[in-house]
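> Structure in structure tokens, see below.
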Amino acid sequence: DVKEVVQPQSDRRILREMYDGLRYTFSTGPLRAILFNAALWNLGGNIVASLLVLLVLRTIGESEVWLGLLLAAASLGGAVGGVTANALGERFGSGPLWRWSMVPGVLGYASLLILTPGWGMTWGIIGMFVMGASVAWNIVVGSSFRQRVCPPGMMGRLGAASRTVSWGMLALASLIAGILAETVGIRDGILIGVVIACGAPLVALLGPLRRVRRLEDLSEAPVPADTADRLGASENA
């Protein structure tokens, strides 16, 4: 006899909550812009990151020491960016900081295209430091904004939906990077990654948050009626 496989209730609930999170994100302009910003950056930026090892060791023919310095510069930039994000947001406004943060990040990755052996690698160290700081500014401000406008009951759903889309780009980027390395070459593959990453600041600069100075002043985004009903039912369960 063939028995019907019944999906566990917990699995159905998780999938439904992920759907609610995606629906809420895509129905809210500012949250949609932040999601597209992160997804495009993760796709283009991680194409570049995936090809970085091949660029340094195979194309340029430099040692692992320079590769380590490039990676260390990115990490140090991220630490500095995380520490300075709040101060820069207060000084220039969280809206402008978020909108412009990825511009130096794109330029930082683009610096890898002009690397040459020896001291010509210094441009990459500077660029990777700038890129790391840029990503940190974007993440700190964007995460704070999501927490501000998202109702408490939707926070878990929103986080799961956002990570499903933006982190899913990481796996896709690695696959695309391998294909590009085989078909167009490492440097051209990095160039394509940089061009894709340019979409991240364009979404921020041209999207619904383009004129907002203080993201923290925006009000909470409404939840669709049927989703709100399910939230209320789960809280009362």
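Here, each number is a calculation from the coordinates, and none is a lab measurement. Remember, predicted model here, so these are calculated numbers, not experimental data. Cβ coordinates were reconstructed from backbone atoms using ideal geometry, including for glycine residues, and neighbour counts include every protein chain displayed.
> Highest first, please rank the peptides 98-104, 25-31 by the mean number of other Cβ atoms sitting within 10 Å of their residues.
98-104, 25-31
> Further, regarding this structure: What nm value, rounded to one decimal, do you get for the distance between TRP167 and LEU206 when each label is placed 7 Å out toward the C-beta?
For TRP167 paired with LEU206, the spin-label model returns 3.0 nm.
> What is the extension gain from SER75 to ARG16, computed as 0.36 nm multiplied by their sequence separation minus the C-alpha to C-alpha distance, in nm to one decimal?
17.6 nm
> Here is a follow-up. Within region 109-142, name every residue whose backbone N is under 13 Å away from a label modeled 7 Å from Cα of VAL65 along the Cβ vector.
118-119
> Okay, next question. Taking a virtual spin label 7 Å from the Cα of ILE126 along the C-beta vector, which residues in region 33-76 bring their backbone nitrogen under 18 Å of it?
The answer is 69-76.
> Still on this model: I need the shape label for region 59-110. Rule: rounded when a/c is under 1.5, else prolate if a/b > b/c, else oblate, with a, b, c from the alpha carbon gyration tensor.
Judged from the Cα gyration tensor, region 59-110 comes out oblate (a/c at least 1.5, b/c at or above a/b).
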